[in-house]
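The values are calculated or read from the model by the stated rules, or taken from the named source; none is laboratory data. Please read all numbers here as calculations on a predicted model, not as lab measurements. Using ideal geometry, Cβ is built from the backbone for each residue, glycine included, and neighbour counts are taken over all protein chains shown. Ligands, DNA and RNA are excluded from the accessible area calculation, which covers all protein heavy atoms including side chains. Shrake-Rupley method; radii C 1.70, N 1.55, O 1.52, S 1.80 Å.
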Amino acid sequence: MVRRSPLAARVWAAAYALAVVVHLGALLTGADGLADASQWLLMPLLAAVLVTATRWPRGHLARWALVALAASWLGDSLPSLLESDAAFLAMIGCFLVAQVAYVVAFAPDVRRSVLHRRPVLLAPYVLVLVGLVAACAPHAGGLLVPVAVYGGVLTAMAVLATGVGPLVAVGGAVFLVSDALIALERFVPAWDLPGQDAWVMLTYCAGQALIVAGVVARHRAGIPAARRPAAAGAGAGDLVALP
């Protein structure tokens, strides 16, 4: 059954979608100042969606997802205050914290993930990780170890996401693609993807939004029916589909 999210959550979701469109447009038109400012807004808006779409007590999954969004916001913001390798390491460090937070959030559902239910499906994740590290290794230099560690945690996040639900599983995989694009641009000289920055941010924003939508769906599915607010109807623009 599909139910509407609270009005506040739908408003924040619309604001997030608008910020994503503005940000992508700024990237494609070279409006660097607008691109930076809009990027700083993305994760706070998505966190507002999660907060307003869930009810107290939010539980383990939603709480740690909020930690991951906060760390992601730092990863979006701090690099603009630094330069070169320092900016890259700050970004990697903040997003490493975000990925660890997601791993902690998803870990209780490990027995529902492909790790236990369909181990053969681990192969694509392992191949992506090994291929990515191998592609980056010749030019990563002293950054190879932090990149490999981050890649391992990122892959673990994507694998564990498969145990939470289909939206979170797809979100984790798309997030993996986004960070893979960043690594390829940074460490593979031959890599030349037209609209690279826009593709990175599109997959990043989509991945995070899918994770949040899945977290909200899981949270609401765990609330007894008597505690759910009455729904006026369903709409195609709703962020969350509930069972």
*Regarding Val168, is this residue farther than 24 Å from Ala134 by Cβ and touching a Lys or Arg at 6+ places or on another chain (Cβ under 8 Å)?*
yes
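For every residue, the table says whether it meets (1) in a helix (DSSP H, G or I); (2) farther than 25 Å from Asp192 by Cβ; (3) not aliphatic (A, V, I, L, M).
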site: Pro108; (1), (2), (3): yes, yes, yes
site: Leu121; (1), (2), (3): yes, yes, no
site: Ala135; (1), (2), (3): yes, no, no
site: Pro138; (1), (2), (3): yes, no, yes
site: Leu167; (1), (2), (3): yes, yes, no
_Can you pull out every residue in segment 69-123 that is acidic (Asp, Glu) and over 24 Å from Leu46 (Cβ atoms)?_
Glu83, Asp85
*Output the number of the condition that Val216 fails; it satisfies all remaining conditions of (1) touching a Phe, Trp or Tyr at 6+ places or on another chain (Cβ under 9 Å); (2) buried (at least 17 other Cβ atoms within 10 Å of the Cβ).*
(1)
*Do you know which of the residues in segment 92-131 that are touching a residue at least 60 places away in the same chain (Cβ under 8 Å) and either among the β-branched types (Val, Ile, Thr) or closer than 24 Å to Phe187 by Cβ (or both) is most open to solvent (accessible area, probe 1.4 Å)?*
Phe95
*Subset of segment 59-85 [more than 19 Å from the chain's Cα centre (by Cα) and on the phi < 0 side of the Ramachandran plot]*: Ser80, Leu81, Leu82, Glu83, Asp85
*Looking at Ala148, is it farther than 17 Å from Val104 by Cβ, touching a Leu at 6+ places or on another chain (Cβ under 9 Å) and open to solvent by 20 Å² or more (accessible area, probe 1.4 Å)?*
yes
*Which of (1) surrounded by fewer than 18 Cβ atoms within 10 Å (Cβ to Cβ); (2) assigned to a loop (DSSP other than H, G, I, E, B) is the odd one out, the single condition Gly163 does not satisfy?*
(1)
